[in-house]
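Student: Take a look at the following structure, please.
The values are calculated or read from the model by the stated rules, or taken from the named source; none is laboratory data. Keep in mind that this is a model prediction, so the values were computed, not measured. We place every Cβ from the backbone using ideal geometry, glycine too, and count neighbours over all the protein chains shown. Only protein heavy atoms, including side chains, enter the accessible area calculation; ligands, DNA and RNA are left aside. Shrake-Rupley method; radii C 1.70, N 1.55, O 1.52, S 1.80 Å.
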Amino acid sequence: MAKLAVNVDHVATVREARRVNEPDPVVAAALAELAGAEGIVVHLREDRRHIKERDLYILRQTVKTSLNLEMAAAEEIIKIALDVKPDIATLVPEKRQELTTEGGLDVAGMQDQITEAVRRLQAGNIKVSLFIDPEPHQITAAKETGAEIIELHTGRYADALGEDQKKELERLLEAVKYAHELGLMVKAGHGLNYVNIYPLAKVKEIYEFSIGHSIVARAVLVGFERAVREMVEILRHCER
Ligand code: PXP
């Protein structure tokens, strides 16, 4: 079955709505692991709108599965990553005004800068994943940087409806196949929920899904462990 990595950013978003100390993303991460998550993901944004350094440093000590730090390829954040040493660093594009990560990283257009960031992080014993759109030229460029993992941006698939969604699914499946042929490990994420995950969960070349918002949204209503367990169950029962 594919692994589930749970993004706990939006637990911190609720905390920051009041600038207090609850709910704690560290507690949510522990509950997610108890419920079967095999990875914890956090995005330390340059504006620190949800996750803070404090969360990251504590998570580094408490996460027992795999800690994945989403980050911009910015000097300040690279230094923090090299100090914290997450298991995986996922390079993402970052704009201050966006509500969430809007598109994939333009690796092809920033090849030298990304390659340098990949090299520095890997020299610090951190595996690097690049969050990219499902486009062949971005996959080729990602491979050339030396990164071992890509995460395909599923946002367009998640937002599309009907025939458009079928087309976006096809695009994703072709991208998965191409990346796998190049020897890249393939993850997927963004906008995935308890309904649209099914066709992707069947794709055996996708080894992990990174899911945040839909799990935190369900957790508010049914509890964190149950929300995570229900997603793990879907992944477990999808034949691959
Ligand atoms: N993967 C990446 C690289 C992301 O930036 C995000 C959003 O933080 C996710 C996955 C999770 O997306 P969502 O919150 O829509 O599940």
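Student: First select every other residue whose beta carbon is under 14 angstrom from the beta carbon of Glu168; then total the charges, Lys and Arg +1, Asp and Glu -1.
Tutor: -3
Student: I need the Kirkwood Rh of the chain: take the reciprocal of the average 1/r across all distinct C-alpha pairs and report it in angstrom.
Tutor: So the Kirkwood estimate lands at 17.8 Å.
Student: Near Gly124, within a Cβ-to-Cβ distance under 12 Å, what is the net charge of the other residues, with Lys and Arg +1 and Asp and Glu -1?
Tutor: That sum, taken over residues with Cβ under 12 Å, equals +3.
Student: Over region 1-68, what is the relative contact order in percent, taking alpha-carbon pairs closer than 8 angstrom and at least six residues apart?
Tutor: 37
Student: Can you tell which of Ala188, Ala160, Ala73 shows the greatest fluctuation in a Gaussian network model of the chain with Cα springs below 10 Å?
Tutor: Between Ala188, Ala160, Ala73, it is Ala160 that shows the largest mean-square fluctuation.
Student: So what is the calculated 222 nm ellipticity per residue for the chain, using -39500 (n - 2.57) for each DSSP H run with n of 4 or more, over all residues, to the nearest 500 deg cm²/dmol?
Tutor: Taken over the chain, the calculation gives -14500 deg cm²/dmol.
Student: When N is the residue count of region 139-240, what does its C-alpha Rg come to as a fraction of 2.2 N^0.38 Å?
Tutor: This ratio for region 139-240 stands at 1.12.
Student: Moving on. Using 0.36 nm per residue of separation minus the Cα-Cα distance, give me the extension gain between Tyr194 and Lys85 in nm, one decimal.
Tutor: 36.1 nm is the gain from fully extending Tyr194 to Lys85.
Student: Rounded to the nearest 20 debye, what is the charge dipole size of region 117-240 about its Cα centre when +1 sits on each Lys and Arg Cβ and -1 on each Asp and Glu Cβ?
Tutor: Magnitude of the dipole: close to 360 debye.
Student: Only Cα pairs under 8 Å and at least 6 apart count here; give the relative contact order of the chain as a rounded whole percent.
Tutor: Relative CO of the chain lands at 21 percent.
Student: Still on this structure: May I ask you to derive the FRET efficiency for Ala217 and Glu174 from their Cβ-Cβ distance with R0 = 30 Å, giving the value to the nearest 0.05?
Tutor: 0.50
Student: Dipole of the chain, Cα-centred, from +1 at each Lys and Arg C-beta and -1 at each Asp and Glu C-beta, to the nearest 20 debye?
Tutor: For this selection, approximately 620 debye.
Student: Using a 10 angstrom cutoff on alpha carbons, build the Gaussian network for the chain and name the most mobile of Arg45, Arg18, Arg229.
Tutor: The residue that fluctuates most here is Arg18.
Student: Here is a follow-up. Can you put Thr100, Thr145 in order of accessible area, largest first, using a 1.4 Å probe?
Tutor: Thr100, Thr145
Student: Considering only Asp133, Asp47, Asp24, give the residue with the highest GNM mean-square fluctuation for the chain, with springs between Cα atoms whenever their separation is below 10 Å.
Tutor: Asp47
Student: I've got another one for you. Got a number for carbon plus sulfur as a percent of the chain's accessible area, 1.4 Å probe?
Tutor: That fraction is 53 percent.
Student: List the relative contact order of region 95-147 as a percent without decimals, with contacts defined as Cα pairs under 8 Å and 6+ residues apart.
Tutor: 45
Student: Would you mind getting the accessible area per residue of the chain, heavy atoms of the protein chains only, 1.4 Å probe, in Å²?
Tutor: Ligands and nucleic acids excluded, the figure is 47 Å² per residue.
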